[in-house]
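Below is one structure, written out as structure tokens; the observations come after it.
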Amino acid sequence: MKRYDFLILIIILLTSLITQATALPSGEIQHDIKILDGSVAFCFDKNDAYENRSGVYSGTTPMLEVDDNILILTIKIKFSQCTNDLGDYQFSQKSPYKQFYYNYQLPGSGVINKTQITPKFVSLRIGKDGQYADYFEKALGLQPKQILRLKIPMEYVLNKQSFQNYKAGKDIISELDYWIHRIIHFKNLDTQFEQTDIKPYGIRRIRFAIKNINDVQEIFVKYDQAQR
């Protein structure tokens, strides 16, 4: 990735921040931002390639629809990896299930071990306002680019009072959190030590409003931002 590309990325990020400050009609797409554990990822050199060796993903602001008592959430997601092509570092598409390897030097020694990383399960999870133990989930396929669609009951999305207001046709505001959840298997090819661990990407929160306009309930995304 050239320095010119870095300036373009900064402009994209600033445009996204300005956009998030205003109400977004549901379905309006923001620029993709490379995300890893809630922060922006870069791909300029071998350090970035190692830092982001487990891959990154970018996604659009979710499109929201309301169908009776169901909230329908649709999001486009792309998985990538920082790669080196003849000295030019750039993000290239990769499957979220792609197996990869990296070398690990033992602290205080010159011994280098090779570790094999195998994603076993990857999904999109939707939770309500920090309640991460209670969630809706959609398993991901093997493709680098995917469109995910979840149907969530409004009784889950809204608290009791907000749900009553929604049923009465009143305006309401609510929030949902979403994140990529991964179960990954680690294997040290030198010592044969194996371990399975959960490695989620950073959590993002979306705030939305449902308004009654001419007796029709319409939904608007107010913001979509990283939580951690």
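The numbers here are math on the coordinates, done by the rules we state, and not lab data. Being a predicted model, the structure only gives us computed values, none of them experimental. In this analysis, Cβ positions are derived from the backbone assuming ideal geometry, glycine residues included, and neighbour counts consider all displayed protein chains.
Quick check on segment 70-84. Is at least one of its residues touching a residue at least 60 places away in the same chain (Cβ under 8 Å), in contact with a helix residue (DSSP H, G or I) (Cβ under 9 Å, 6 or more places away or on another chain) and either over 30 Å from Q217 (Cα atoms) or hydroxyl-bearing (S, T, Y) (or both)?
No, segment 70-84 contains no residue that is touching a residue at least 60 places away in the same chain (Cβ under 8 Å), in contact with a helix residue (DSSP H, G or I) (Cβ under 9 Å, 6 or more places away or on another chain) and either over 30 Å from Q217 (Cα atoms) or hydroxyl-bearing (S, T, Y) (or both).
Could you list all residues from segment 182-199 that are touching a residue at least 60 places away in the same chain (Cβ under 8 Å) and of a type outside the set (A, V, I, L, M, F, W, C)?
R182, H185, K187, N188, D190, T191, T196, K199
Does segment 174-197 hold any residues that are out of contact with any Lys or Arg (no Cβ under 7 Å at 6 or more places or on another chain), under 26 Å from I147 (Cα atoms) and hydrophobic (A, V, I, L, M, F, W, C), and which are they?
I180
Is it true that Q217 is under 30 Å from Y97 (Cβ atoms) and either surrounded by fewer than 18 Cβ atoms within 10 Å (Cβ to Cβ) or not small (G, A, S) (or both)?
Taking the combined requirement at face value, the residue does not satisfy it.
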